[in-house]
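Undergrad: Below is the structure I would like to discuss, written out as structure tokens.
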Amino acid sequence: MKKTPLILLVDDTPQNIQVLGAILKNQGYSFALTTSGKETYQLLKKVTPDIILLDVMLPDEDGFSICDNLKKQEATADIPILFLTAKNETADKIQGFKVGAVDYITKPFEELEVIERVKNHLRAKLDRDQIKSYNNELEEIVDQRTNELLKKERETILAQFIQGVVHNIRGPISSALAASDLIRAMREDLNVKIDAGIEKSELKNHLSEVWEILELNNEVLKKMAGNLESMLRKSRTDRIQENDVYDLNEMIKQELEFLDVDLKFKNKVEKKIVLSDKKLAVFVALGDIAQVFENLIKNAMDAMFEKDNPCISIETGSTNGFHWFSVKDNGDGIPDSIIRKIFDPFFTTKPLKSDPDAINPTPIGTGIGLQFCKKTIESYNGKIEVEEGRSKGAKFTVYLPAFI
Ligand SMILES: Nc1ncnc2c1ncn2[C@@H]1O[C@H](COP(=O)(O)OP(=O)(O)OP(=O)(O)O)[C@@H](O)[C@H]1O
Ligand SMILES: [Mg+2]
């Protein structure tokens, strides 16, 4: 329901009150009356009029000072004030505008002038109120949408984190499984040999081989726990704290040892490794960079799936203040049509699930490996580049700022 506009008349001259009162009443406005500054302040604590008609001369305080005070208070600042001034008092009009009045009405009052001026300012005021309420509504909607988006973003980050955990756990688990398969095969072989009367020294050799595999397996499990721990910590705290100075060459040598637990990698893939003879010091969390390297190797292995002579080339070096390592394969390369997308989250050309009955299960993917690599390397102010070699395979190079 539209409320009747309320007009406050502040005047102590009975004649003015009578004339203006009659005009306003005829227009259907509600109006309140005060005759001094003190009364006005008191009334404004209880009601908020839509317009104030204010006389300059009042018994306790002049109209300019009242106007000035009202404009300084938040509750009354937006109420339009029209001064009641004599026709020839130009100085009063100027003074009135200076203290924030929107208009003036001249005495003696012309009915039409009063009606028009009041009507105009009332309309403007009601429009402003409307806009203000739209704005408030809009702000509420924006706040609500922002909260929804933040919630969604948090959910996405959590989902990505979980995907990351799943992704990173898969490699070590399959290595551990491969190692236990090998031990099982060796045990059967050993049983046969023991039945046939094996030499003591040969038995010792076999046992130390088993021992070595078990040790490697332990390392893999330890690494897996370490990775998860570092991912969890990374998701909660600033990673800078766990940074340290590491040599990229050493990182790669260590990683290759772990990766060798995967027998396919160890025995079937040819490796060409050319490491820089200088120490390549970088200031990083080792787990992060090892993870990047592992993701690149995994992609290379996937790309050479079912290739006759799979070969991975790994190199390290230094250029322009950066130390780098590269991983190159001899798979089918990356087609032009997808090269811009490969770092996007969840972009994959691999199925999510492999056929369990296949002799050589096809590579599977979630499409977060390269995104993890990019984000991680960029967080160290480094960069990752891909060279698409078409039929010659793909080459990824990771650059990290050299630590001096
Ligand atoms: N060495 C490569 N040779 C050819 N294509 C590659 C190579 N590395 C990445 N790609 C392409 O980029 C896509 C995205 O790689 P990314 O590592 O982000 O995800 P994924 O390997 O599919 O899955 P995930 O790593 O999450 O298990 C791959 O699906 C593949 O199409
Ligand atoms: Mg991958």
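Undergrad: Taking SER313, is it under 29 Å from the mean Cα position of the chain (by Cα), within 16 Å of ligand 1 (Cβ to nearest atom) and of a type in the set (Ser, Thr, Tyr)? Before the answer, list the steps.
TA: Numbers: under 29 Å from the mean Cα position of the chain (by Cα): no; within 16 Å of ligand 1 (Cβ to nearest atom): yes; of a type in the set (Ser, Thr, Tyr): yes.
So SER313 fails the test.
Undergrad: Among (1) part of a loop (DSSP other than H, G, I, E, B); (2) modelled with pLDDT of 90 or more; (3) near ligand 1 (Cβ under 8 Å from one of its atoms), which single condition is GLY367 missing?
TA: (2)
Undergrad: Return the total of residues in the stretch 99-114 being closer than 22 Å to PRO14 by Cα and touching a Ser or Thr at 6+ places or on another chain (Cβ under 9 Å). Even if it seems obvious, please write down each step before you answer.
TA: Initial filter on the stretch 99-114 (closer than 22 Å to PRO14 by Cα): 104-114.
Subset that is touching a Ser or Thr at 6+ places or on another chain (Cβ under 9 Å): 104-107, 113.
Number satisfying all stated conditions: 5.
Undergrad: Among the numbered conditions (1) modelled with pLDDT of 95 or more; (2) surrounded by 21 or more Cβ atoms within 10 Å (Cβ to Cβ); (3) not basic (Lys, Arg), tell me where GLY331 comes up short.
TA: Status for GLY331: all satisfied but (1).
Undergrad: Pick out the one residue from PHE283, PHE293 that is of a type in the set (Phe, Trp, Tyr) and surrounded by 21 or more Cβ atoms within 10 Å (Cβ to Cβ). Give the steps one after another, and end with the answer.
TA: Values: PHE283 fails: surrounded by 21 or more Cβ atoms within 10 Å (Cβ to Cβ).
The conditions single out PHE293.
Undergrad: What pairs come out if I take residues in the stretch 380-404 that are not assigned by TED's automatic domain parsing to the domain that holds LYS272 and at pLDDT below 95 and pair them with residues that are of a type in the set (Phe, Trp, Tyr) and surrounded by fewer than 16 Cβ atoms within 10 Å (Cβ to Cβ) whose C-beta lies under 9 Å away, six or more apart or interchain?
TA: none
Undergrad: Okay, moving on. Can you tell me which of PHE305, PHE325, PHE346 is under 28 Å from the mean Cα position of the chain (by Cα) and of a type in the set (A, V, I, L, M, F, W, C)?
TA: Values: PHE305 fails: under 28 Å from the mean Cα position of the chain (by Cα); PHE325 fails: under 28 Å from the mean Cα position of the chain (by Cα).
Of PHE305, PHE325, PHE346, the one residue that is under 28 Å from the mean Cα position of the chain (by Cα) and of a type in the set (A, V, I, L, M, F, W, C) is PHE346.
Undergrad: Sticking with this one: So, ASP302, is that one within 16 Å of ligand 1 (Cβ to nearest atom), part of a helix (DSSP H, G or I) and in contact with a Lys or Arg (Cβ under 7 Å, 6 or more places away or on another chain) or not? Don't jump to the end; show me each part of the working.
TA: Numbers: within 16 Å of ligand 1 (Cβ to nearest atom): yes; part of a helix (DSSP H, G or I): yes; in contact with a Lys or Arg (Cβ under 7 Å, 6 or more places away or on another chain): yes.
When the stated conditions are applied, ASP302 passes them.
Undergrad: Conditions: (1) part of a helix (DSSP H, G or I); (2) modelled with pLDDT of 80 or more; (3) not assigned by TED's automatic domain parsing to the domain that holds SER379. GLN291 meets all but one. Number of the miss?
TA: Of (1) part of a helix (DSSP H, G or I); (2) modelled with pLDDT of 80 or more; (3) not assigned by TED's automatic domain parsing to the domain that holds SER379, only one is false for GLN291: (3).
The values are calculated or read from the model by the stated rules, or taken from the named source; none is laboratory data. Being a predicted model, the structure only gives us computed values, none of them experimental. Backbone-built Cβ (ideal geometry, glycine too); neighbour counts: all protein chains shown.
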